[in-house]
Amino acid sequence: MEGIPNYVFVRSLTASRWRPRISNTSLGFGERDQHNGADLLEGYGRLRIQMNKAFDIGVESLSASGRADNGGLERSPSVHTNHIVHSNKFDASGKTTVDCGVVSADVTAASRSFGDTANGGTFFLETFGCQMNDHDSEKVAGLLLSRGYRQVETPEAARMILYNTCSIREKAAQKVFSRLGEYRERGADKIIGVLGCVAQQEGQDIFKRAPWVSLVCGSASYRKLPEMLAELEAGNKRVTGLDNDTDETFETEITRRDNPWRAYLTIIEGCDKACAYCVVPHTRGPERSRGSESILREVRQLAELGYSEVQLLGQTVNSYVDPTARRMKFSELLLEVAQVAGIRRVRFTTSHPRDFGVDIVEAIDREPKLCDHIHLPVQSGSTKVLRAMARTYTREEYLEKIALIRSARRPISITTDIIVGFPGETDEDFAETLSMLDEAQYDGVFGFKYSPRPNTPSLALNDPISEEIKGQRLAMIQEKQRVIQTARNLAMLGQELDVFVSNKSRRENQWSGHTTSNRVISFSSQEKELLGSYVRVKVTDSGTGSLVGLEARD
Ligand code: 5AD
Ligand code: SF4
């Protein structure tokens, strides 16, 4: 297995980013095997394969023997086993990239047999909420693919429909029930599952509100999904996973990554902070960190697969505590992740102010691959409200963290979350939140109206703020931040920034991507293919939400 990733991901990309690394281009797709007549997919090393028909291979799992980078082709019989192949829609232009050690699979036979074991075989998965949910869905999809299911793009085409849900605010939770309502009549021949935070929060009640649902599973029970799927496949109509008191993390052998540019990686699950307004400790369970070795192994695999940017995820990512004997600190982990060959950018989110120490800033100063961006939710600028929210810091303590970040040798972008209209928030309290925007000079603010949530301590608080006032306060936050952000972006005119290109505009020669400070920048370039590459761009114009530039020429 030396040098070979133990899974292979085939993506629907033209993926120029890999072009420079192509070591061998002599393979085709859909070849007929001369010996047994089977359809074969074959690849070796890093290949770019042009496919000649609509086709998609989702995830490949390899038991692979053989060596990477010996410059030649090798067919290893053992690779024929343990394969998960799924055929699905594919880009009509027929281009894809195979990035792998050795892969060789009997496509037709594989899809047929997996279709049988997976009870009809197709699933549709829709995700609501945060990046943690997005990434959980990638892992759940990987798990289903490894059981032989195929992912489809519409609920109509699916035998199994899964919703990975969010309950952070009431509106998000309501959305799920309106989706479920659509299957009141036409859900009979489908398996419908609710995953994630609403599942955990509503539990068995979901079966009462929507009896056509068969699976209810909170994120802390995802480890047991294989058994739950087996029960569903056996025809069980009421399967639940609702424990949220676990010390285990959810790791999968295969992850079906949706974002071709930025690979997410959860390093800490759950939350122990108990903010008064927040459902997360209830829906995601207690904090549990993943072992540093396992994280680094995955980062190495991601780098092998061609990802150059990774984002480490956790509700309180900087509360990371390495459970292994290495006892790596979060800042040490950041530095090690940045050392992995092929990795050019490391991001992390969300940081909790209480656990934010100078070592993180020092690490960023030391290692340019650690991105110039910290998301540090303040929630309120009033110490009184912060106390009521149980945020565990005062306004002054928070501002000390901002000062730490501002003392770094390079400018670091800071973004935040703010809740307006928390019970008891007076005009004076709110004025302190507004002045926080002036003092902190954020590069981005996500503002929310307080939404009372089940099982949270703040439900018991008196003195609710009317929806009208919440709306007014939110608008004031947004207006103030608009002015601040416009000025901050304007100050970047003339600067040259490295941009990781992730989008090609319909307009000719127009591209966009992210700077290390996570700003979106669109720019023009005469290059034919830039997706997935890093380009130096000079800022020529700016707005509130984004920058405009020109590719810089030496
Ligand atoms: N009401 C409004 N906003 C909330 N958030 C968390 N819980 C609530 C709630 N009950 C916001 C916080 C958090 C972000 C992810 O969502 O600002 O940082
Ligand atoms: Fe919720 Fe607070 Fe934990 Fe963030 S730190 S997930 S706001 S309880």
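Structure data summary
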item: The range 190-214 - residue that is at pLDDT 95 or above and among the β-branched types (Val, Ile, Thr) and, of those, farthest from residue 130 (Cα to Cα); result: 213
item: Selection within the range 375-394 - more than 25 Å from the chain's Cα centre (by Cα), surrounded by fewer than 21 Cβ atoms within 10 Å (Cβ to Cβ) and not hydroxyl-bearing (Ser, Thr, Tyr); result: 384, 387, 390
item: Residue 414 away from ligand 2 (no atom under 16 Å from the Cβ) and over 30 Å from residue 468 (Cα atoms); result: no
item: Residue count, the range 266-294 (criterion: within 17 Å of residue 223 (Cβ to Cβ), more than 16 Å from ligand 2 (Cβ to nearest atom) and buried (at least 18 other Cβ atoms within 10 Å of the Cβ)); result: 1
item: Selection status of residue 299, surrounded by 20 or more Cβ atoms within 10 Å (Cβ to Cβ) and assigned to a helix (DSSP H, G or I); result: yes
item: The range 405-441, subset within 16 Å of ligand 1 (Cβ to nearest atom) and at positive phi, residue farthest from the chain's Cα centre (by Cα); result: 424
item: Subset of the range 271-303 (residues that are out of contact with any Ser or Thr (no Cβ under 8 Å at 6 or more places or on another chain) and over 18 Å from residue 142 (Cα atoms)); result: 274, 275, 280, 281, 296, 300, 303
item: Residues of the range 303-324 classified as more than 16 Å from ligand 2 (Cβ to nearest atom) and not aliphatic (A, V, I, L, M), total; result: 9
item: Filtered residue count, the range 257-277, keeping only those that are in contact with an Asp or Glu (Cβ under 9 Å, 6 or more places away or on another chain), modelled with pLDDT of 95 or more and either over 20 Å from residue 168 (Cβ atoms) or more than 15 Å from ligand 1 (Cβ to nearest atom) (or both); result: 7
item: Verdict on residue 533 being in contact (Cβ under 8 Å) with a residue 40 or more places away in the chain and farther than 26 Å from residue 378 by Cβ; result: yes
item: Criterion: within 28 Å of the chain's Cα centre (by Cα), at positive phi and in contact (Cβ under 8 Å) with a residue 12 or more places away in the chain - qualifying residue of 509, 489, 518; result: 518
item: Selected residue (only one of 179, 169 is among the basic types (Lys, Arg), more than 21 Å from the chain's Cα centre (by Cα) and either within 16 Å of ligand 1 (Cβ to nearest atom) or surrounded by fewer than 19 Cβ atoms within 10 Å (Cβ to Cβ) (or both)); result: 179
item: Filtered residues of the range 384-411 (kept if more than 16 Å from ligand 2 (Cβ to nearest atom), touching a residue at least 24 places away in the same chain (Cβ under 8 Å) and of a type outside the set (A, V, I, L, M, F, W, C)); result: 384, 395, 407, 409, 410, 411
item: Matching residues in the range 118-140 - criterion: being of a type in the set (S, T, N, Q) and either out of contact with any Asp or Glu (no Cβ under 6 Å at 6 or more places or on another chain) or modelled with pLDDT of 95 or more (or both); result: 122, 127, 131, 133, 137
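For every residue, the table says whether it meets (1) among the basic types (Lys, Arg); (2) closer than 27 Å to residue 455 by Cβ; (3) touching a strand residue (DSSP E or B) at 6+ places or on another chain (Cβ under 7 Å); (4) assigned to a helix (DSSP H, G or I).
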position	(1), (2), (3), (4)
192	no, yes, yes, no
212	no, yes, yes, no
220	no, yes, no, yes
235	no, no, no, no
240	no, yes, yes, no
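Yes or no, residue by residue, for (1) touching a Leu at 6+ places or on another chain (Cβ under 8 Å); (2) within 30 Å of residue 420 (Cβ to Cβ); (3) among the hydroxyl-bearing types (Ser, Thr, Tyr):
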residue: 150; (1), (2), (3): no, no, no
residue: 156; (1), (2), (3): no, no, no
residue: 160; (1), (2), (3): yes, no, no
residue: 163; (1), (2), (3): yes, yes, yes
residue: 169; (1), (2), (3): no, yes, no
residue: 186; (1), (2), (3): no, no, no
residue: 192; (1), (2), (3): yes, no, no
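The values are calculated or read from the model by the stated rules, or taken from the named source; none is laboratory data. Note that the structure is predicted; figures quoted are calculated from it, not measured. Cβ sites come from the backbone with ideal geometry, for glycine too, and all protein chains shown count toward neighbours.
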